[in-house]
Amino acid sequence: MCDNPPTLLNACLEYICDNMGLVFQPNYVYNTEYSYTFRDQNISLCTELCEQLLEHLVEKDCIRDLSVSIFTKTNTRLRRVKLKDCQYLTSDGFEVLLRHNVHEFECVNVNTTPIDIVLANLNEWSIRNLKSLNISKYKLNKKDSRTLNSSIWDRAINQITSLENLRSLNVAYTEFNQTLLEVICDKLGFLEKLNISGTLIVDLKPLVGLTERLIMLGISDLDLCPPNANHIINLTRLKHLDLSLINKKSEHVGDNIVKRILSNPEVLPDLYLLDISGWKNPSEKDVLIKFIQSHRKLECLGLVTNPIANDPYFNSNNDTIKRKFLIAGLGSDEQISRTLILYEDKAYFVQKALYHLFQLTSGFEGPRPDMIQQVLAAMKRHSTKFGVQVAGTACLYNLTRADLAKKIHPSLLARGVLLILDAMTQFHDEYQLQKNSLLNLCSDRILQEVNIDRFRCAHLVLDALCSFDEADIKRMAVAICSILAAKISTEQTSQLGAKPLYMSNLLAMVENRVELKQSDITLKFTLSALWNLTDESAATCCVFLEHGGANLFLKVLKTFKNDSTIETRVLGLLNNIAEVEYLRKNLFIEELINELYFLLRSEYIDVSYFAAGIIAHLASEGEENWGVKMYKRKEMLSQLEEAINEWSLPECEMVAYRRFKPFFPLLEDRVDYQVQLWAVWAIYHVCNKNPTRYCKMLSEENGILLLKHLAYSDNSHVTIKKITRQVLGIVEENQR
């Protein structure tokens, strides 16, 4: 039983996001989708549903002018508009969203539209009532001039100061400067929360005007001189103070500020959250404990990267911290989980948390879908940060390895695979990340049962195989491809297999094993991958032959005689070539035909079966096209009949076919009955073992008409009649 299946609501929202063109009515301008409308204009979604739908669109990176066009005021209601990393939204899209009466607007790292143009879309109601504005990480493109940037900010500040009821403002990691801070503090008298982290602020004196109201202050990564400590201490109503440090350039400047605050237990009495993450030695343990003890309202302390978080005192339920008290750090799984939540936007802390989580999860024995979701959120949030991606993929491996994957809901695994493939694409030349990714993908549960983009996955895996000359990567890559190649369409296998780079690398792996006379799992996976890539793909078969595949596979047969697993894979691939009429001439190799002659009588039925298939296809070319001298065609046909008559149906299905059409030319009247015999036996075998699949396939491809003709024709051999009638009986029974 899988843990944490998605709720019905989430499943519906996911479907809507993935199928907007079906759910909504597309409107066209010049044959291009211009907007969506509700198919029933009488439908009106409640605010909560609308906001959750917008959140899902953001999460799935589906925010476009087209997708947000559904949020008309006629059918939807938005009070909170939260956008992150939406790099394809233009002013038209913002205009649609901000027609609503919103009291909370978040536009984080959305840099395609100048912020003043974005804010200009706020309607009159929102200007009067907006309570929260978050425009953190907004920066102009580098090509834009400093003068232009300054003028944009001037206009933006005029717009912000017109928000007379604004309570919360976040301009972190923007080019917000000292002058703008003075304007904000002077004009926005109701401001209670202010985040100016990572900006150009150097002096906190303007905050004096907010002393009576400010309850939250974020000043992470500011170059503040020691006197600023007094300005912070004077903010007596503060409940949330963020002094965290990521930019180490500020460490020598701000260290005294942190130490001064911690060494004064009587200051900031209302604090419930204090963040001093990133500082190496902000205080001695005793000083910090005294500060905690004197602040009974303190509920959360940020200590990420601080060694003191590993102290047993901060990881135990001692009497001092037994009250509701949470620590974000790296000292335990609880601390790490809190870190991933509290610092979701700070890649540096996220990377550290994931690295320590990887070390902890190596010993986990039960499924932890909660942790998987946190890791996935971190990877999605920081898709371009290598450190986060390599640590995230390592954590996912520990959390889904072996039998753990069986207890995790497939939708969660599918999300993980999507992010892994994104990471492989983003960092295609990074060895460790590619290896981590392959370790995750090398899972039967994921490859067989989870709904993933198998073609993209196979493409990226083959890229990794070609990029790194490392045994583990090559082994995992061919193992993954051997499964995926059988599960993608013939058009897709042709795109992969017909790529010379992929083919040459796969054949080089086979050749290496032949030279070493090494029959290992890597060789078998490689042969399986090649077999599946050539299945029903003439293009792949051509590239295989052009790269000397036929002669190489002859060497494989000679080198690994009586190894039925290898012989089966080699003969299966040669069968795929033999099915292509214009390629058969490439298989008329004296030594190869000699091998097939003896393999026909193999004690292993699958080896004998595929050897017989090759001979049947070659013999169907007729006497005039028989291209070898060692064995006459008549002699080979006699051996073919003799071998087939000795076969008994195996207990399980030997082979899987995509189509029956390659068999149909072998059933024509002009063909020798020994060739027909192999084809009808093959059809009988799969229909007998898997009637649900193959009887339907036979009917859809009009194969039943051919079989009926053979079953009742006076010219048909008695054995052919017998077997074809057995097949028709299975079909008839299956249709009842």
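The values are calculated or read from the model by the stated rules, or taken from the named source; none is laboratory data. These figures come from a predicted structure and were not determined experimentally. No Cβ is skipped: glycine too gets one built from the backbone with ideal geometry, and neighbour counts run over all protein chains shown. In case anyone asks, the SASA skips ligands and DNA or RNA and just uses the protein heavy atoms, side chains included. Shrake-Rupley method; radii C 1.70, N 1.55, O 1.52, S 1.80 Å.
A compact table of results
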quantity	calculated
Cross-chain or 6+ apart pairs with Cβ under 7 Å, the stretch 373-388 first and within 13 Å of Phe358 (Cβ to Cβ), then open to solvent by 40 Å² or more (accessible area, probe 1.4 Å) and assigned to a helix (DSSP H, G or I)	Gly387/Gln351; Val388/Gln351
Residue that is within 30 Å of Lys406 (Cβ to Cβ) and at pLDDT below 90, where the choices are Asn10, Asn19	Asn10
In the stretch 74-109, the residues that are in contact with a Phe, Trp or Tyr (Cβ under 8 Å, 6 or more places away or on another chain), open to solvent by less than 10 Å² (accessible area, probe 1.4 Å) and closer than 14 Å to Leu122 by Cβ	Leu78, Val81, Leu97, Leu98, His100, Cys107
Subset of the stretch 639-665 [of a type outside the set (Phe, Trp, Tyr) and within 16 Å of Ile704 (Cβ to Cβ)]	Arg659, Lys661
Contacts under 6 angstrom Cβ, first residue in the stretch 630-644 being under 14 Å from Glu595 (Cα atoms), partner in a loop (DSSP other than H, G, I, E, B), 6 or more apart	Gln639/Leu600
Boolean, Tyr34 is in contact with a strand residue (DSSP E or B) (Cβ under 8 Å, 6 or more places away or on another chain), open to solvent by 70 Å² or more (accessible area, probe 1.4 Å) and either outside any helix (DSSP H, G or I) or without any contact (Cβ under 8 Å) to a residue 12 or more places away in the chain (or both)	yes
In the stretch 398-436, the residues that are at pLDDT 90 or above and outside any helix (DSSP H, G or I)	Ile408, His409, Phe427, His428, Asp429, Glu430
Residue count, the stretch 32-55 (criterion: in contact with a helix residue (DSSP H, G or I) (Cβ under 7 Å, 6 or more places away or on another chain) and within 18 Å of Leu98 (Cα to Cα))	4
Test: Arg601 is of a type in the set (Lys, Arg), open to solvent by 40 Å² or more (accessible area, probe 1.4 Å) and under 20 Å from Glu511 (Cβ atoms)	no
Search result, residues across the stretch 370-389 that are of a type in the set (A, V, I, L, M) and either in a loop (DSSP other than H, G, I, E, B) or closer than 21 Å to Asp85 by Cα (or both)	Val375, Leu376, Ala377, Ala378, Met379, Val388
Top-ranked residue in the stretch 618-658 [being surrounded by fewer than 15 Cβ atoms within 10 Å (Cβ to Cβ) and of a type in the set (S, T, N, Q); ranked as farthest from the chain's Cα centre (by Cα)]	Ser638
Test: His709 is in a helix (DSSP H, G or I) and open to solvent by 70 Å² or more (accessible area, probe 1.4 Å)	yes
Cross-chain or 6+ apart pairs with Cβ under 8 Å, the stretch 563-574 first and over 16 Å from His617 (Cβ atoms), then open to solvent by 20 Å² or more (accessible area, probe 1.4 Å) and among the aromatic types (Phe, Trp, Tyr)	Ser564/Tyr604; Glu567/Tyr604; Thr568/Tyr604; Arg569/Trp531
Selection from the stretch 193-210 of residues that are open to solvent by less than 30 Å² (accessible area, probe 1.4 Å), out of contact with any Gly (no Cβ under 6 Å at 6 or more places or on another chain) and more than 14 Å from Glu182 (Cα to Cα)	Gly198
The stretch 110-125, subset part of a loop (DSSP other than H, G, I, E, B) and among the hydrophobic types (A, V, I, L, M, F, W, C), residue most open to solvent (accessible area, probe 1.4 Å)	Ala120
Contacts under 9 angstrom Cβ, first residue in the stretch 274-296 being touching a residue at least 24 places away in the same chain (Cβ under 8 Å), partner in a helix (DSSP H, G or I) and of a type in the set (Ser, Thr, Tyr), 6 or more apart	Ser277/Thr339; Gly278/Tyr348; Lys285/Tyr313; Ile289/Tyr313
Among residues of the stretch 670-718, those that are aromatic (Phe, Trp, Tyr) and either under 18 Å from Phe610 (Cβ atoms) or within 47 Å of the chain's Cα centre (by Cα) (or both), counted	4
Filtered residues of the stretch 496-513 (kept if in a helix (DSSP H, G or I) and surrounded by 18 or more Cβ atoms within 10 Å (Cβ to Cβ))	Leu496, Gly497, Tyr502, Met503, Asn505, Leu506, Leu507, Met509, Val510, Arg513
Single condition Arg237 does not satisfy, out of (1) more than 18 Å from Leu271 (Cβ to Cβ); (2) open to solvent by 60 Å² or more (accessible area, probe 1.4 Å); (3) at pLDDT 90 or above	(1)
Those residues of the stretch 404-433 which are over 27 Å from Pro6 (Cα atoms) and within 13 Å of the chain's Cα centre (by Cα), in sequence order	Thr425, Gln426
Among (1) touching a residue at least 24 places away in the same chain (Cβ under 8 Å); (2) of a type in the set (D, E, K, R); (3) open to solvent by 50 Å² or more (accessible area, probe 1.4 Å), the one test that Asp40 misses	(1)
Checking Thr72 against (1) modelled with pLDDT of 90 or more; (2) in contact with a strand residue (DSSP E or B) (Cβ under 6 Å, 6 or more places away or on another chain); (3) of a type in the set (Ser, Thr, Tyr), the condition it does not meet	(2)
Search result, residues across the stretch 173-198 that are hydroxyl-bearing (Ser, Thr, Tyr), part of a loop (DSSP other than H, G, I, E, B) and either over 19 Å from Ile246 (Cα atoms) or modelled with pLDDT under 90 (or both)	none
Of the criteria (1) surrounded by 15 or more Cβ atoms within 10 Å (Cβ to Cβ); (2) charged (D, E, K, R); (3) out of contact with any Cys (no Cβ under 9 Å at 6 or more places or on another chain); (4) at pLDDT 85 or above, which one Asp270 fails	(1)
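Yes or no, residue by residue, for (1) within 26 Å of Asn123 (Cβ to Cβ); (2) of a type in the set (Asp, Glu):
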site	(1), (2)
Asp154	yes, yes
Leu188	yes, no
Ile196	no, no
Leu200	no, no
Ile219	no, no
Leu224	no, no
Pro227	no, no
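For every residue, the table says whether it meets (1) under 18 Å from the mean Cα position of the chain (by Cα); (2) buried (at least 19 other Cβ atoms within 10 Å of the Cβ); (3) at pLDDT below 95.
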residue	(1), (2), (3)
Phe314	no, yes, yes
Thr320	no, no, yes
Ala328	no, yes, yes
Arg338	no, yes, yes
Leu342	no, yes, yes
Tyr355	no, no, no
Glu365	no, no, yes
Leu396	yes, yes, no
